[in-house]
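Scroll down for the structure; my scribbles are underneath it.
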Amino acid sequence: MFEKDKWKTKFLIVALGQAVSLLGSHGVQFAMIWWLAEQTASPMMLGLSGLVAYLPMTLFSPLAGIAADRLDRKRICIVSDLAMGVVALLYALCLAWLTLPVWTVFIMLCARGIGSTFQQPAIQSIIPQLVPADQLVKTNGWMQLLNAGSFLLGPVIGAALYAVFPLSVVLLSDVIGAVLASLALASVKIPKLQPAQTGRTHMLADFKTGLRVFQHDKKLFYLVLAQALCMFFYAPLSSFYPLMTSDYFDLSALHGSAAELCFALGMIVSSLLFSSVLKVRRKIRTSYLGLLGMGAVSAACGLLPPVFAGWMAFAALCICLGASGNVHTIPLTAYIQETVEAEKMGRAFSVLTLISSVTMPVGLLLSSPIAEQVGVHTWFLLSGIAIVLMTSAVILWQRIRCPKGGEQLDPEI
């Protein structure tokens, strides 16, 4: 199925195309949020923008997973990318010629959220069609590296463009990225799947088939359960980074951006290691270590004293936090790509997207009032302790329920 070395060229073309698209997307996302902040100066409006961006993932993730398994994944990615580009182009033209109310940016954010929701499970399911199974950890490391680089450089490019050009011009970078990514993917021949002939089924039945993937593989089920429990505490922390720097350490926005940069640096370094020298055989175990690392580092952040030396330690811990996230995510993604049947993979990834889209807003609703009362640093400490305890509890419960490893196909994974 995989011609010698040719898969590397195909993967590189697809990955670079996606990186260019993400670079434009992150830049435009930053510019739109900054424009909204300038126009309204309203925390409520910024909060609503985050909710609008995540809501499509919650609503459409099941449908996106089914589409990735039943339709042409390559076509889904291209149509999603181009649709987001067309929406950006139309909004840019309207901004250039008309005076639009600020709430119209929510339409853009919602449309982008829908496009991304359909694209992500499709592109994640395409990778194992291009890459040999023993190279999935490395290639996912490269994908995470490109994602981290886009996450790091996108806002910088977006800020630079926004400082020189109006938002209507900045939006064109998203159009360019979408076109280039679509051309790159269109140039690569994706091996055809031979889906099982199961007849016509309802959407709910299709989604339940995706859920059964996790029921049948007990090790994967318990790992995803641990992830879901931990994300209620971990996901909101990204919104509290600026408050740790400004309120707790009483430092400037420059120091806050440096902490964010350190987090991205941790993602990049860990991605480089996974894509080059690290050889992961026990993917489930490694992914659990990532969750435990996320908890331990979060708790350590909450114990730091509110002095400049404490902030320096916080910046160093941000590197570890970014790296720990990849230690959890990269092996988990590779494991799913390696073990889940190709015709069910889209639905499996859509379940993970659904978990992320639900835990972020719900976690923010629960954590914000608590952090308001006890302080952001205390929430970091409590979150870290909760993540470590819940991950440990799930591991212990799994060993009690599945002493021989459940239905694991390969004891070395």
Inset, instruction - Among residues belonging to the range 112-136 that are open to solvent by 30 Å² or more (accessible area, probe 1.4 Å) and hydrophobic (A, V, I, L, M, F, W, C), point out the one that is nearest to residue 89 (Cα to Cα). - result: 114
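Give the residue, chosen from 185, 180, 171, 220, that is of a type in the set (A, V, I, L, M), under 30 Å from residue 395 (Cβ atoms) and modelled with pLDDT of 80 or more.
Values: 185 fails: under 30 Å from residue 395 (Cβ atoms); 180 fails: under 30 Å from residue 395 (Cβ atoms); 171 fails: under 30 Å from residue 395 (Cβ atoms).
After ruling out the rest, the residue left standing is 220.
Looking only at the range 83-99, decide whether some residue is in contact with a Cys (Cβ under 7 Å, 6 or more places away or on another chain) and at pLDDT below 85.
Of the range 83-99, the ones in contact with a Cys (Cβ under 7 Å, 6 or more places away or on another chain) are none.
No, the range 83-99 contains no residue that is in contact with a Cys (Cβ under 7 Å, 6 or more places away or on another chain) and at pLDDT below 85.
For every residue, the table says whether it meets (1) surrounded by 19 or more Cβ atoms within 10 Å (Cβ to Cβ); (2) free of Cβ contacts under 8 Å to residues at least 24 places away in the same chain; (3) touching a Lys or Arg at 6+ places or on another chain (Cβ under 8 Å).
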residue	(1), (2), (3)
233	yes, no, no
252	no, yes, no
269	no, no, no
285	no, yes, no
325	yes, no, no
331	yes, no, yes
Inset, instruction - Taking the residues in the range 10-38 that are open to solvent by 80 Å² or more (accessible area, probe 1.4 Å) and modelled with pLDDT of 75 or more as candidates, determine which candidate is farthest from residue 103 (Cα to Cα). - result: 12
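Can we say residue 302 is open to solvent by less than 50 Å² (accessible area, probe 1.4 Å), in contact with a His (Cβ under 6 Å, 6 or more places away or on another chain) and either closer than 22 Å to residue 218 by Cα or modelled with pLDDT of 90 or more (or both)? If you could, list the steps in order and put the result at the bottom.
Values: open to solvent by less than 50 Å² (accessible area, probe 1.4 Å): yes; in contact with a His (Cβ under 6 Å, 6 or more places away or on another chain): yes; either closer than 22 Å to residue 218 by Cα or modelled with pLDDT of 90 or more (or both): yes.
Considered against the rule, which asks whether it is open to solvent by less than 50 Å² (accessible area, probe 1.4 Å), in contact with a His (Cβ under 6 Å, 6 or more places away or on another chain) and either closer than 22 Å to residue 218 by Cα or modelled with pLDDT of 90 or more (or both), residue 302 comes out as yes.
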Legend entry - residue 276 vs. criteria surrounded by fewer than 16 Cβ atoms within 10 Å (Cβ to Cβ) and over 24 Å from the mean Cα position of the chain (by Cα): no
Inset, instruction - Of the numbered conditions (1) of a type outside the set (A, V, I, L, M, F, W, C); (2) at pLDDT 80 or above; (3) open to solvent by less than 20 Å² (accessible area, probe 1.4 Å), residue 405 fails exactly one; give the number of that condition. - result: (2)
Inset, instruction - Under 7 Å between Cβ atoms, at least 6 apart or on separate chains: pull out the pairs that start in the range 71-94 with a residue that is open to solvent by 40 Å² or more (accessible area, probe 1.4 Å) and end on any residue that is in a helix (DSSP H, G or I). - result: 74/126; 74/185; 82/178; 82/182; 83/115; 87/108; 87/111; 89/175
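For the range 300-320, check the following and say yes or no: at least one residue is under 25 Å from residue 131 (Cβ atoms), within 19 Å of the chain's Cα centre (by Cα) and either touching a residue at least 40 places away in the same chain (Cβ under 8 Å) or not in a helix (DSSP H, G or I) (or both). Full working, then the answer.
Taking the range 300-320 and keeping what is under 25 Å from residue 131 (Cβ atoms), we get none.
No, every residue in the range 300-320 fails to be under 25 Å from residue 131 (Cβ atoms), within 19 Å of the chain's Cα centre (by Cα) and either touching a residue at least 40 places away in the same chain (Cβ under 8 Å) or not in a helix (DSSP H, G or I) (or both).
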Inset, instruction - Just give me the residues in the range 368-377 being out of contact with any helix residue (DSSP H, G or I) (no Cβ under 6 Å at 6 or more places or on another chain) and either surrounded by 23 or more Cβ atoms within 10 Å (Cβ to Cβ) or touching a residue at least 40 places away in the same chain (Cβ under 8 Å) (or both), in sequence order. - result: 368, 375
Legend entry - Per-region count, the range 333-367, residues open to solvent by less than 20 Å² (accessible area, probe 1.4 Å) and outside any helix (DSSP H, G or I): 1
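Going by what's in this entry, would residue 153 be described as touching a helix residue (DSSP H, G or I) at 6+ places or on another chain (Cβ under 8 Å), among the aliphatic types (A, V, I, L, M), touching a residue at least 12 places away in the same chain (Cβ under 8 Å) and surrounded by fewer than 21 Cβ atoms within 10 Å (Cβ to Cβ)? Full working, then the answer.
On the way: touching a helix residue (DSSP H, G or I) at 6+ places or on another chain (Cβ under 8 Å): yes; among the aliphatic types (A, V, I, L, M): yes; touching a residue at least 12 places away in the same chain (Cβ under 8 Å): yes; surrounded by fewer than 21 Cβ atoms within 10 Å (Cβ to Cβ): yes.
The answer is yes for residue 153.
The values are calculated or read from the model by the stated rules, or taken from the named source; none is laboratory data. Everything quoted here is computed from the prediction, not taken from an experiment. Quick reminder, even Gly has a Cβ in these numbers, built from the backbone with ideal geometry, and neighbours come from all protein chains shown. These area figures cover heavy atoms from the full protein model, side chains too; ligands, DNA and RNA do not enter into them. Shrake-Rupley method; radii C 1.70, N 1.55, O 1.52, S 1.80 Å.
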